[in-house]
Amino acid sequence: MKKILIIFIDLFILVGCNPTKWNDRFFTLENENFSDFKGYSITYRNGIYLISNANVEKDDKRIFVKKGLMGKIKNIKDVNNNFITKSDSDIKSLEKLLDKFDRLDIANLSVDDFQNIQFVFFSDKCSYTFLRLSDKNSLKDINKTYFEKYKNDWYLYKQCSVK
């Protein structure tokens, strides 16, 4: 009986520790409604959100947002590391947007005004960048010809570490 219990525990641990395959993660995101993110580019790295205008190549108005333990915004800074003050309603809207972003469990999301959608996540020492083009654009139009067709109107660019 003890051996059977150990086998069940080992099996449970093995199944529970099996990393989610990257394509399974994509399938959970492919039909997501990204309309709330229109015009935004959000990147999460080391506890800080970088938020910028998705329609501008070099956005000098991008902001850096840090959330506290309870998910509330702790501070907002500009590119020069100066604190920015926002109204309570702007803070609540930003918190709501970042909460939606967090639920997606991705590293980056960008949705431009044409509804081109790009998101990035990491899995198995690789970064996976998915792009869905609007009817108004081609890969050439947005200088992303290195992407390869993945599924329907989705494209993929995959980079893996050598180690």
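The values are calculated or read from the model by the stated rules, or taken from the named source; none is laboratory data. Quick caveat, the model's predicted, so the values are computed rather than measured. Please note that ligands, DNA and RNA were not included when accessible areas were found on the heavy atoms of the full protein model with its side chains. Shrake-Rupley method; radii C 1.70, N 1.55, O 1.52, S 1.80 Å.
Tabulated results
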{"item": "Average Cα contact separation per residue, the range 50-163, under 8 Å, 6 or more apart, as relative contact order %", "result": "14 percent"}
{"item": "Within straight-line cross-link reach of K77, aspartates and glutamates at Cα separation under 17 Å, skipping those fewer than 8 residues along the same chain", "result": "D59, D60, D88, D90, E95"}
{"item": "Whole-number D in µm² s⁻¹ for the range 108-151, Kirkwood Cα-pair radius fed into Stokes-Einstein, 25 °C, 0.890 mPa s", "result": "218 µm²/s"}
{"item": "Accessible area, probe 1.4 Å, largest first, for residues F27, F130", "result": "F27, F130"}
{"item": "Cross-link pairs beyond the 25 Å C-alpha cut-off, checked among K21/K149; K38/K144; K100/K144; K92/K151; K61/K92; K38/K58", "result": "K100/K144; K92/K151"}
{"item": "From phi via Karplus (6.51, -1.76, 1.60), per-residue ³J(HN,Hα) for the range 85-100 in Hz, x at Gly/Pro", "result": "9, 10, 5, 4, 5, 5, 5, 4, 5, 5, 4, 4, 5, 5, 4, 4"}
{"item": "Solvent exposure, largest accessible area first (probe 1.4 Å, DNA, RNA and ligands not counted), of T85, T28", "result": "T85, T28"}
{"item": "³J(HN,Hα), Karplus 6.51/-1.76/1.60, whole Hz, each residue of the range 144-157, x for Gly, Pro", "result": "10, 5, 6, 6, 10, 4, 10, 7, 6, 9, 9, 10, 10, 10"}
{"item": "Rg/Rg_globular for the range 46-106, with Rg_globular taken as 2.2 N^0.38 Å and Rg from C-alpha atoms", "result": "1.11"}
{"item": "Cα Rg over Rh - the range 72-163, Kirkwood", "result": "1.06"}
{"item": "Where N is the number of residues in the chain, Cα Rg divided by 2.2 N^0.38 Å", "result": "1.27"}
{"item": "CD proxy at 222 nm, helix term only [per DSSP H run n ≥ 4: -39500 (n - 2.57); per residue of the chain; nearest 500]", "result": "-8000 deg cm²/dmol"}
